[in-house]
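Engineer: Dropping the structure in here first, questions after.
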Amino acid sequence: MRYISTRGEAPILEFDDVLLAGLARDGGLYLPESWPQFSPEQIRSMQGLPYTDVALQVMLPFVGECVTKSQLSDIIKEAYSGFDHGDVAPMKKVGENEWLLELFHGPTLAFKDMALQFLGRMFDHVLKQRGERITIVGATSGDTGSAAIEACRDRDTIDIFITFPDGRVSEVQRRQMTTVTSHNVHNIAVRGTFDDCQDMLKALFNDTAFRGQYKLSAVNSINWARIMAQIAYYFWAAVNAGAPDTRVAFSVPTGNFGNVFAGYAAQQMGLPIEQLVVGSNSNDILTRFFNSGTMEMNGVGPTISPSMDIQISSNFERLLFDLCDRDGKQVAKTMEGFRKSGKFDVSADQLARARVLFDAARFDDDQTREGIQAFHKETGELLDPHSILGILAQREVRKNPSIPMISLATAHPAKFPDAVEQAVSIRPQLPNRLADLLERDEEYTVLDNDLAQVKSYIEDTLRVKGNPS
Ligand SMILES: *Cc1c(COP(=O)(O)O)cnc(C)c1O
């Protein structure tokens with residue numbers, strides 16, 4: 001399988017290079033040159049298989065020669081062996097033709113583990129094969145940092161540095177990062193905001209000498225391999241709901257458009273998906289887009305579903321590429337305009353094509369809390385403030401109630417205990433393995449919002465470890 005950039009100017013790469021590159025050199029995002037196709041018979045043959053077998057079948061056509069089928073199988077089995085539930089991603093019936101797909105049974109209690117547990121091991125495999133090491137740097141406002149740390153901890157081929165705004169992430173989120181004291185994990189609390197952390201991250205990547213010397217790499221949601229790993233659970237859930245003998249629909253609490261784009265990819269690969277519902281909080285740029293054809297930034301404000309507090313949805317560019325009939329020049333021009341003016345429009349025809357599959361709805365914090373409460377009363381299930389947005393959205397815009405609707409639950413309620421407690425006066429409990437999280441020792445370094453300090457911290461840390469300097 002070969003991969004092309006959405007902006008058409010970057011080199012065409014194989015899977016292992018795409019994995020390590022993250023962003024394409026022309027600023028675009030990598031996509032497979034064509035979608036592998038699964039026939040109804042192939043999809044039917046997945047019925048009754050364990051999660052890891054479905055994932056192997058779905059991912060195999062994408063990976064090329066850097067990994068054999070049996071190696072990939074081992075990587076997948078290992079990636080999901082630490083999950084708290086035997087089904088990896090269990091499905092629950094929550095209404096007439098309504099299902100919940102629980103994606104939060106991984107080590108950090110959010111769906112990001114579904115992709116990152118796989119990604120960390122895949123990085124390790126490719127780097128060992130090449131005899132190389134890398135330095136992963138990331139900035140987090142919460143979920144991504146801990147999921148990336150859990151994915152990379154204890155790996156000899158990787159050092160990982162994560163910055164987060166000091167005092168501005170929840171205690172559970174901070175401790176999920178800082179209590180991992182592996183030799184290769186380095187947590188940095190920055191005296192600043194999340195935006196400051198992100199700006200510094202960009203500056204590190206833009207420093208080509210630094211970037212080259214320390215082989216900087218990223219695991220953010222634009223990495224193709226993350227999307228690829230997420231496609232697997234759309235197939236898994238669909239066959240559990242009766243596909244290919246019935247069509248199915250999905251509803252997805254959406255931020256960067258990575259998760260729901262994996263659903264689009266599954267549909268392109270032959271999975272009979274009738275509808276994809278995008279759920280937004282009050283940072284609703286995507287809902288406004290699907291309802292108007294105009295993508296327009298208008299700032300970002302804090303909500304009780306912080307992992308969806310985004311200004312722009314970077315993975316949307318992958319859908320735009322198809323809406324532009326895979327014309328990279330057109331995408332580059334549109335994205336350049338967006339960067340300058342904070343706004344772009346698609347044509348009526350392009351919007352209509354997107355709307356064949358996608359619908360969207362948005363809800364503010366009050367509606368989110370009311371939703372958690374009503375859903376708990378109705379089903380006995382406690383949902384976190386992200387997952388409930390998928391339920392609320394599909395109940396508003398669902399097209400065909402005779403088709404199974406699968407709502408993705410993206411975080412464990414105990415990851416956001418304050419919001420849940422406000423809604424239902426019940427404080428959700430962490431799973432046993434994390435019960436002592438608040439007592440564990442923490443290890444992190446506090447630095448000023450100063451690029452030079454962060455740079456020399458990275459250099460000193462790697463030098464002490466005897467890494468390339
Ligand atoms: C990251 C995240 C999301 C948003 O997912 P995208 O792939 O960015 O759309 C939703 N819910 C939770 C709990 C998350 O951590």
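The values are calculated or read from the model by the stated rules, or taken from the named source; none is laboratory data. Since the structure is predicted, the reported quantities are computational estimates derived from the model, not experimental observations. Here Cβ is always computed from backbone atoms with ideal geometry, including for glycine, and neighbour counts include all displayed protein chains. Surface accessibility is based on the protein's heavy atoms, side chains included, excluding ligands, DNA and RNA. Shrake-Rupley method; radii C 1.70, N 1.55, O 1.52, S 1.80 Å.
Engineer: Can you name the residue in the stretch 229-250 that is away from the ligand (no atom under 12 Å from the Cβ) and among the polar types (S, T, N, Q) and, of all such residues, is surrounded by the most Cβ atoms within 10 Å (Cβ to Cβ)?
Structural biologist: Restricting to residues being away from the ligand (no atom under 12 Å from the Cβ) and among the polar types (S, T, N, Q), the top hit is Asn240.
Engineer: Quick one: Val219 ticks every box in (1) outside any helix (DSSP H, G or I); (2) closer than 22 Å to Ser387 by Cβ; (3) within 16 Å of the ligand (Cβ to nearest atom) except a single one, so which number is it?
Structural biologist: (2)
Engineer: Sticking with this structure for a sec: Out of all the residues in the stretch 11-58, which are farther than 21 Å from Gly258 by Cα and among the aliphatic types (A, V, I, L, M)?
Structural biologist: If the condition is that a residue be farther than 21 Å from Gly258 by Cα and among the aliphatic types (A, V, I, L, M), then Ile12, Ile43, Met46, Leu49 are the ones that fit.
Engineer: Does the stretch 145-172 hold any residues that are crowded, with 23+ Cβ neighbours inside 10 Å and of a type in the set (S, T, N, Q), and which are they?
Structural biologist: Scanning the stretch 145-172 gives Ser146, Thr163.
Engineer: When residues of the stretch 90-113 are filtered for being touching a helix residue (DSSP H, G or I) at 6+ places or on another chain (Cβ under 6 Å) and within 14 Å of the ligand (Cβ to nearest atom), how many remain?
Structural biologist: The total comes to 9.
Engineer: Pull up the stretch 442-461, narrow it to residues that are in a loop (DSSP other than H, G, I, E, B) and of a type in the set (Asp, Glu), then point me to the one that is most open to solvent (accessible area, probe 1.4 Å).
Structural biologist: Selected residue: Glu443.
Rundown of residues vs (1) touching a residue at least 40 places away in the same chain (Cβ under 8 Å); (2) within 14 Å of the ligand (Cβ to nearest atom); (3) more than 21 Å from the chain's Cα centre (by Cα), yes/no style:
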| position | (1), (2), (3) |
| --- | --- |
| Asp143 | yes, yes, no |
| Thr157 | no, no, yes |
| Phe161 | yes, no, no |
| Pro165 | no, no, no |
| Thr181 | yes, no, yes |
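Engineer: Now a separate question. What number of residues in the stretch 42-87 are touching a residue at least 60 places away in the same chain (Cβ under 8 Å), under 21 Å from the mean Cα position of the chain (by Cα) and in a loop (DSSP other than H, G, I, E, B)?
Structural biologist: Looking only at that region, the number is 1.
Engineer: When you go through Arg326, Arg318, Arg353 one by one, which is the residue that is modelled with pLDDT of 95 or more and within 16 Å of the ligand (Cβ to nearest atom)?
Structural biologist: One residue alone meets the criteria, Arg318.
Engineer: Considering every residue within the stretch 426-441, establish whether at least one is open to solvent by 50 Å² or more (accessible area, probe 1.4 Å) and closer than 25 Å to Gly255 by Cα.
Structural biologist: Within the stretch 426-441, not a single residue is open to solvent by 50 Å² or more (accessible area, probe 1.4 Å) and closer than 25 Å to Gly255 by Cα.
Engineer: Are any residues in the stretch 187-209 crowded, with 16+ Cβ neighbours inside 10 Å and over 12 Å from Val137 (Cα atoms), and if so, which ones?
Structural biologist: Residues satisfying the conditions are Ala189, Val190, Gly192, Phe194, Asp196.
Engineer: Mind listing whichever residues of the stretch 302-325 are assigned to a loop (DSSP other than H, G, I, E, B) and in contact (Cβ under 8 Å) with a residue 12 or more places away in the chain?
Structural biologist: If the condition is that a residue be assigned to a loop (DSSP other than H, G, I, E, B) and in contact (Cβ under 8 Å) with a residue 12 or more places away in the chain, then Thr303, Ile304, Ser305, Asp309, Ile310, Gln311, Ile312, Ser313, Ser314, Asn315, Cys324 are the ones that fit.
Engineer: A further question follows. Can you find a residue that is more than 16 Å from the chain's Cα centre (by Cα), in a strand (DSSP E or B) and either surrounded by fewer than 19 Cβ atoms within 10 Å (Cβ to Cβ) or not aromatic (Phe, Trp, Tyr) (or both) anywhere in the stretch 96-107?
Structural biologist: Yes, the stretch 96-107 contains at least one residue that is more than 16 Å from the chain's Cα centre (by Cα), in a strand (DSSP E or B) and either surrounded by fewer than 19 Cβ atoms within 10 Å (Cβ to Cβ) or not aromatic (Phe, Trp, Tyr) (or both).
Engineer: Condition first: in contact (Cβ under 8 Å) with a residue 24 or more places away in the chain and of a type in the set (Lys, Arg). Can you find one or more residues in the stretch 201-214 that meet it?
Structural biologist: no
Engineer: From the residues in the stretch 260-301 that are within 16 Å of the ligand (Cβ to nearest atom) and part of a loop (DSSP other than H, G, I, E, B), which one is nearest to Ala409 (Cα to Cα)?
Structural biologist: For the stretch 260-301, the residue satisfying everything is Asn281.
Engineer: Of the conditions (1) modelled with pLDDT under 95; (2) in a helix (DSSP H, G or I); (3) of a type outside the set (Phe, Trp, Tyr), Val420 satisfies every one except a single condition; which number is it?
Structural biologist: Here Val420 meets the rest and fails (1).
Engineer: Out of the stretch 16-45, which residues are farther than 19 Å from Gln268 by Cα and either touching a Leu at 6+ places or on another chain (Cβ under 8 Å) or not β-branched (Val, Ile, Thr) (or both)?
Structural biologist: Within the stretch 16-45, Asp16, Asp17, Leu19, Leu20, Ala21, Gly22, Leu23, Ala24, Arg25, Asp26, Gly27, Gly28 meet the criteria.
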